[in-house]
1. Only one residue in A:P340, A:P351 is of a type outside the set (A, V, I, L, M) and in a loop (DSSP other than H, G, I, E, B), so which one is that?
2. Could you check how many residues of the range A:47-61 are touching a strand residue (DSSP E or B) at 6+ places or on another chain (Cβ under 9 Å) and open to solvent by 30 Å² or more (accessible area, probe 1.4 Å)?
3. Filter the range A:205-250 down to the residues that are open to solvent by 10 Å² or more (accessible area, probe 1.4 Å) and within 20 Å of A:L348 (Cβ to Cβ) and list them by number.
4. Determine which single condition B:A71 fails, assuming it passes every other condition in (1) loosely packed, with under 14 Cβ neighbours inside 10 Å; (2) aliphatic (A, V, I, L, M); (3) not in a strand (DSSP E or B).
5. Could you say which residue among A:A214, A:A232, A:A202 is in contact (Cβ under 8 Å) with a residue 40 or more places away in the chain, facing chain B (nearest Cβ under 9 Å) and either of a type in the set (D, E, K, R) or in contact with a strand residue (DSSP E or B) (Cβ under 9 Å, 6 or more places away or on another chain) (or both)?
6. Which condition number in (1) open to solvent by less than 30 Å² (accessible area, probe 1.4 Å); (2) more than 13 Å from chain B (Cβ to nearest Cβ) is the one that A:E189 fails?
7. Could you look through the range A:251-274, keep only residues that are at the interface with chain B (Cβ under 10 Å from one of its Cβ atoms) and polar (S, T, N, Q), and pick out the one that is surrounded by the most Cβ atoms within 10 Å (Cβ to Cβ)?
Protein chains: 2
Amino acid sequence: MSADARSTTRLPRNPGSQTALRQRNQQRIVETLLNAGPLTQAELSRHTGLSTATVSNLVKIMSDGGLVSTAPTTSSGRRATSVRLNSKGAVAVGIDVGRTHVRVVIASLGYRIIAERSIRLPLGHLAVDGVRAAAELLRGLLADSGLPESAVVGAGVGIPGPIDSRTGTVIQGAILPEWVGINILEMLEEALGVPVYVDNDANLGALAQVTWGAHNAVEDLIFVKIGSGIGAGLVLGGSPYYGNIGITGEIGHATISEQGLICRCGNRGCLETVASTAIMIELLSRGAPAPITTEDIIRQARAKDSATLRVIDDAGQAVGRAVANVANLLNPEVIVVGGPLAELGEILLEPIRRGLIRHAVPAIGETTHLVMSSMGNRAEALGGAALVFQHQGISSALSTEASA
Amino acid sequence: MSADARSTTRLPRNPGSQTALRQRNQQRIVETLLNAGPLTQAELSRHTGLSTATVSNLVKIMSDGGLVSTAPTTSSGRRATSVRLNSKGAVAVGIDVGRTHVRVVIASLGYRIIAERSIRLPLGHLAVDGVRAAAELLRGLLADSGLPESAVVGAGVGIPGPIDSRTGTVIQGAILPEWVGINILEMLEEALGVPVYVDNDANLGALAQVTWGAHNAVEDLIFVKIGSGIGAGLVLGGSPYYGNIGITGEIGHATISEQGLICRCGNRGCLETVASTAIMIELLSRGAPAPITTEDIIRQARAKDSATLRVIDDAGQAVGRAVANVANLLNPEVIVVGGPLAELGEILLEPIRRGLIRHAVPAIGETTHLVMSSMGNRAEALGGAALVFQHQGISSALSTEASA
């Protein structure tokens, strides 16, 4: 894999380039093998419409990369080469770095979790500490699973903040201010020793929904993560969407109240100043000896504490208004709400739905499915593993298999 | 072409389907012929990596459809078939239907305008009248150009309102209320007698910018049309984006003022209630014997009438705020502003830019190019012709040619 192909978050875009052409053809071969099982090279040529020379070249590349294995066989009495997918030999790693945790999963080509572990990190940890912790977790998991490091085809890493796809650095606005300006891609590749793809956590949450999650056949899905910050991940036309420089889904900075509080982005009255867990904690801790926690919010809401329910209701409606703008613009089939408050279920979802219907164009409000994420705190790491498959050009094949 | 493939606005989505596969392969052949000139079938096979059988099948289909022509030739002393693109024989039609006009253009495969004409229609005209006028214009243009009707590979038609891609009907919210509920696709196909693709005018404006316009290599572009209504057209990842049911870009209904005017959509304080030409006319006609026109607004602004400049400034800032939300979400490379006020240039663009920078995340505000459309009132019709090429699977090839 070239350095260029794995630098940052961007998928090959130029449909006419040789790399993109090869990737499309490779994807077609993987799809065919997933659907039909092992085939000879001649059969692969007939199934895909590719020439035998093209198939032979690509199988060689994929075999060198550990994606497929080949074996001599006979077909109609003639010598032939049988090609099969390596569903065990090759694994992808998903890593989720939060403000106070790192989670690592190892997944097979067939979207099965082979191993998984998470640890807590101190608030305000440095990038180098988070990366070192991730690398140690990964080495431990590989050893426990009896997998060599060479089996790892890549690692997809989620960061809670925007990443400039031109430079691979975490930029201003990240929930991890200690990470801003760090070239996280280079640091991770050095520590992990495998090809790395970096993305922000909301994008990986969205990708997880359409690969591992319940929304497998969905082409256009928005994942809204409500946490210390608020961000959206976009899957459009079946693929993660990154825009021009990789900073997308910044709905946390939609202006909700012109004369509202000053936001950490420098603007005023942003959605985050009325609906993040940070502002909920601030509002509900007023006069208390110490700040409450996110877990306290969930507990108090379940105990029907009226102030807590009011704060959640106001926050939910504001999120609903921002989400209505997103739905009016992009007309997604599904909007999934995630983050640490997801377990509140309808308590949080109902005011969001009310805001969505109040502010969306009627035909959009009526047809957009709004649901809570059911993947808990694993969504981002699972999305990280899926990101590796996306970059290896085998994503749609695997989601096809998973939905079958 | 099957009825399904041309019904409404949706491009084939399932990458694994036989139709999508054939379309990708066909596009590859067209691209190759555009880049390399006429080739034999054997050469096409080598250039594309497709098998000779696949090439032969596709050339037959494309020849029957008038896209290519074939001739016997010899290659290395053996009989062969030479394949060339029909750049003159095949033309696409673009049609733009507004509140008070119809415009028809005929374009060649090489993105040249062969003929063009527009007429005025009475405000409140029925769909059937608009369609009849378009069909008469088209027949006249074909006759004048000496082109047979069989040369038309398709017509792309822009409608000023959302179209439900599930049914092909114009839905509530259209600027042409007389058209709501009409199956515009069926009506057009019957009147024109060619494959028809329908889209809303803002989408076609966006498509025109990345095909005929100055933004040829741009992958992610938003076209914002400010008129009686306000809508956005989206080109994402190089292709028009349609979402789940085809209703996208409804930024005119972003809530700007919670307690503002009631909007025709049934919500309150939508962008259209503070920034459309309809509200500008209403504000500036107060106390006048008769309503002013859009042309009056342009004239008065150029004469530095202070009330007119204030109305434009307020409208522009509100559009800028809505556009900032779009940019925060989608991170487009370019945002193009069009519609009847486009000739105001910086007078309108400056307050929009101010609103964008005020409300966007800093990295987005700094890197998003905001420009006025330079295509005048032709953008939508040119986008209609480009839509035909998109559906015929030859778009990226032609935009490559146009930019070369």
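1. A:P340
2. 3
3. A:G213, A:A214, A:H215, A:K225, A:S228, A:G229, A:G231
4. If we test B:A71 against (1) loosely packed, with under 14 Cβ neighbours inside 10 Å; (2) aliphatic (A, V, I, L, M); (3) not in a strand (DSSP E or B), just (3) comes out false.
5. Of the residues listed, the single one that is in contact (Cβ under 8 Å) with a residue 40 or more places away in the chain, facing chain B (nearest Cβ under 9 Å) and either of a type in the set (D, E, K, R) or in contact with a strand residue (DSSP E or B) (Cβ under 9 Å, 6 or more places away or on another chain) (or both) is A:A232.
6. Failed condition: (1).
7. A:T255
Okay, residues lined up against (1) of a type in the set (K, R); (2) at pLDDT 90 or above:
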site: A:R117; (1), (2): yes, yes
site: A:L123; (1), (2): no, no
site: A:A135; (1), (2): no, yes
site: A:G161; (1), (2): no, no
site: A:E178; (1), (2): no, no
site: A:I184; (1), (2): no, no
site: A:A206; (1), (2): no, yes
site: A:E219; (1), (2): no, yes
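The values are calculated or read from the model by the stated rules, or taken from the named source; none is laboratory data. These numbers were taken from a predicted model, which means no experiment stands behind them. Here the Cβ is made from the backbone with ideal geometry for all residues, glycine too, and neighbour counts use every protein chain on show. Just the protein is used for accessible areas: all its heavy atoms, side chains included, with ligands, DNA and RNA removed. Shrake-Rupley method; radii C 1.70, N 1.55, O 1.52, S 1.80 Å.
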